[in-house]
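Reviewing the structure listed below.
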C-alpha cells in the first residue's frame with residue numbers, strides 16, 4: 001500500500017481553488033493508494049481583529065485566484081459583513097473534531113467550512129459558526145461543541161502539524177506520496193490533475 005498525503009487548511013484560499021482538481025485526482029488514483037488528509041494550520045488563535053492592510057492583502061489574493069484559476073468564486077462581502085481575524089486553527093480543530101467523532105464526515109465538514117467562508121460570507125474563525133456548520137453536516141450540536149475544545153482534538157491537530165513538518169511542507173495545498181520509508185513530493189496544477197497523477201504513477205513505478 002501507498003499513501004497519498006493531502007496537506008491542507010480549510011481556510012486556505014488556494015486549497016479552495018484546488019478543490020475541483022483534487023476531486024479528479026482522488027477519483028483517478030491507482031488501486032492500492034490510500035488518501036490521508038493532514039491539517040496544516042496557517043494562522044494560530046487570536047481574538048484580535050485583522051489589520052486593515054492584511055484584509056486588503058488577502059482580499060487581493062482572492063481576486064488573483066479568481067483570475068489564475070478560472071471558475072473559482074469568492075464572496076467578497078465577507079470583508080464588509082464579518083469581523084475577520086487571522087485565525088485558521090479553530091477551523092482546523094473543527095475538522096479534527098469531525099475526524100474523531102465520525103471520520104466519514106471529515107471531508108463533508110471541511111467542504112462546508114470552505115463554502116461558508118468563501119461563498120456565504122460566514123466566519124469560520126468563530127467557534128459558534130463552526131458548531132453550526134457541524135450541525136448542518138449531521139453532527140449533534142452538544143457532542144460536537146464538547147469535543148471541539150477537548151485535549152484529544154488539540155493533540156490530533158498537533159500531530160497533523162508535526163506530520164507537515166516531517167514532510168517539509170512549506171505551503172498549502174501540498175501532496176506527497178509515501179510507500180514504505182520513501183516519500184515523493186507530488187506536483188500540483190490548479191487546473192489540471194495530469195501532473196499530479198503522472199508523478200504518483202512514476203513514484204509507484206520507482207517503488208516496485
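The values are calculated or read from the model by the stated rules, or taken from the named source; none is laboratory data. Since we're looking at a predicted model, the values are computed, not measured. Please note: Cβ atoms are built from the backbone with ideal geometry, for glycine as well, and neighbour counts cover all protein chains shown.
Some notes on this structure:
- Of the residues 72, 97, the single one that is farther than 30 Å from residue 198 by Cα, surrounded by 13 or more Cβ atoms within 10 Å (Cβ to Cβ) and touching a helix residue (DSSP H, G or I) at 6+ places or on another chain (Cβ under 8 Å) is 97.
- Only a single item in (1) surrounded by fewer than 19 Cβ atoms within 10 Å (Cβ to Cβ); (2) in contact (Cβ under 8 Å) with a residue 24 or more places away in the chain is not met by residue 59, and it is number (2).
- Qualifying helices (runs of 4 or more DSSP H) (wholly inside segment 1-118; at least 2 residues being within 22 Å of residue 151 (Cα to Cα) and under 19 Å from the mean Cα position of the chain (by Cα)): 89-101
- Look at (1) modelled with pLDDT of 95 or more; (2) within 18 Å of residue 13 (Cα to Cα); (3) out of contact with any strand residue (DSSP E or B) (no Cβ under 7 Å at 6 or more places or on another chain) and you find that residue 131 fails only one, number (2).
- Residues that are surrounded by fewer than 18 Cβ atoms within 10 Å (Cβ to Cβ), farther than 23 Å from residue 47 by Cα and either without any contact (Cβ under 8 Å) to a residue 40 or more places away in the chain or under 17 Å from the mean Cα position of the chain (by Cα) (or both), drawn from segment 142-165: 142, 159, 162, 163, 165
- If you check 28, 17 for being farther than 17 Å from residue 130 by Cβ, at pLDDT 95 or above and surrounded by fewer than 19 Cβ atoms within 10 Å (Cβ to Cβ), only one passes: 28.
- Flag if residue 1 is within 22 Å of residue 184 (Cβ to Cβ) and in contact (Cβ under 8 Å) with a residue 40 or more places away in the chain: yes
- When segment 169-186 is limited to residues that are more than 17 Å from the chain's Cα centre (by Cα) and free of Cβ contacts under 8 Å to residues at least 24 places away in the same chain, the one that is surrounded by the fewest Cβ atoms within 10 Å (Cβ to Cβ) turns out to be 181.
- Filter result for residue 125 (modelled with pLDDT of 95 or more, buried (at least 17 other Cβ atoms within 10 Å of the Cβ) and touching a strand residue (DSSP E or B) at 6+ places or on another chain (Cβ under 7 Å)): no
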